[in-house]
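A.B. asks: Take a look at the following structure, please.
The values are calculated or read from the model by the stated rules, or taken from the named source; none is laboratory data. Just so we're clear, the structure is a prediction, and the values are computed from it rather than from any experiment. We place every Cβ from the backbone using ideal geometry, glycine too, and count neighbours over all the protein chains shown.
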Amino acid sequence: AQTVTQSQPEMSVQEAETVTLSCTYDTSESNYYLFWYKQPPSRQMILVIRQEAYKQQNATENRFSVNFQKAAKSFSLKISDSQLGDTAMYFCAFPSTGANSKLTFGKGITLSVRP
Amino acid sequence: EAQVTQNPRYLITVTGKKLTVTCSQNMNHEYMSWYRQDPGLGLRQIYYSMNVEVTDKGDVPEGYKVSRKEKRNFPLILESPSPNQTSLYFCASSHGQGSLSGANVLTFGAGSRLTVL
């Protein structure tokens, strides 16, 4: 079974600084996607970024980028130029294989951006 | 606007009083799913549906029922709610009957906060 581990329950960063959120996972699959979701105080689940495992290039979406290390099964999220609106809980997620599109979520990291 | 709509957004009820949380999507998605979110546990899947009249259990199905009579609707039914079902519930949908690689991105509803006293 796939597992997703986010070992840091909380992090804090100064506005305009860079922060990295860690995530590790376990799978026997060779081709898959990985996701980071953001959950602001509104509780809405928002897709931040996704990475295809067969692509060597790390995905980037504006200030958000990933450091994907397939061999190490590591998938960290880097937020550059942190903004107050980045304050949220962040979840790393890994889809199950087979017919069910279940996402297995990590426990989440609460990120606070300080003014 | 493409979206997943859940109702109610907030509900306080008492043990044993049957309730239904509705979920509707306007994107013609085949796949729909329910998750619950609890502190320190992340999101866990309750039930999912591959298409109309096709449903199956997720990781934490006990105490819940679902139905999929129409493609757009996927209600979550709590026949006899108990306090351990106090949680934040999310409905989600995506295209495709499966996701071997995870290419089909899930679209989430806004969440339903349920409190069972």
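A.B. asks: Kindly indicate the residue of the range A:58-98 that is under 30 Å from B:ASN51 (Cα atoms) and surrounded by 16 or more Cβ atoms within 10 Å (Cβ to Cβ) and also farthest from the chain's Cα centre (by Cα) among those meeting that condition.
C.D. replies: Among residues in the range A:58-98 that are under 30 Å from B:ASN51 (Cα atoms) and surrounded by 16 or more Cβ atoms within 10 Å (Cβ to Cβ), the one farthest from the chain's Cα centre (by Cα) is A:THR97.
A.B. asks: Does any residue of the range B:59-76 turn out to be more than 11 Å from chain A (Cβ to nearest Cβ), acidic (Asp, Glu) and closer than 29 Å to A:THR5 by Cα?
C.D. replies: Yes: one or more hits.
A.B. asks: Of the numbered conditions (1) under 11 Å from the mean Cα position of the chain (by Cα); (2) touching a residue at least 24 places away in the same chain (Cβ under 8 Å), A:LEU47 fails exactly one; give the number of that condition.
C.D. replies: (2)
A.B. asks: Next up: For A:SER42, which of the numbered conditions (1) surrounded by 12 or more Cβ atoms within 10 Å (Cβ to Cβ); (2) within 21 Å of B:PHE90 (Cα to Cα) fails to hold?
C.D. replies: (1)
A.B. asks: Among the numbered criteria (1) at the interface with chain A (Cβ under 10 Å from one of its Cβ atoms); (2) touching a residue at least 24 places away in the same chain (Cβ under 8 Å); (3) not acidic (Asp, Glu), which single criterion is violated by B:GLY40?
C.D. replies: Of the numbered conditions (1) at the interface with chain A (Cβ under 10 Å from one of its Cβ atoms); (2) touching a residue at least 24 places away in the same chain (Cβ under 8 Å); (3) not acidic (Asp, Glu), the odd one out for B:GLY40 is (2).
A.B. asks: Would you kindly identify the strands (runs of 3 or more DSSP E) lying entirely within chain B that contain at least 2 residues that are at pLDDT below 95 and within 16 Å of the chain's Cα centre (by Cα)?
C.D. replies: Ranges flagged: B:31-38, B:42-51, B:54-57, B:87-94.
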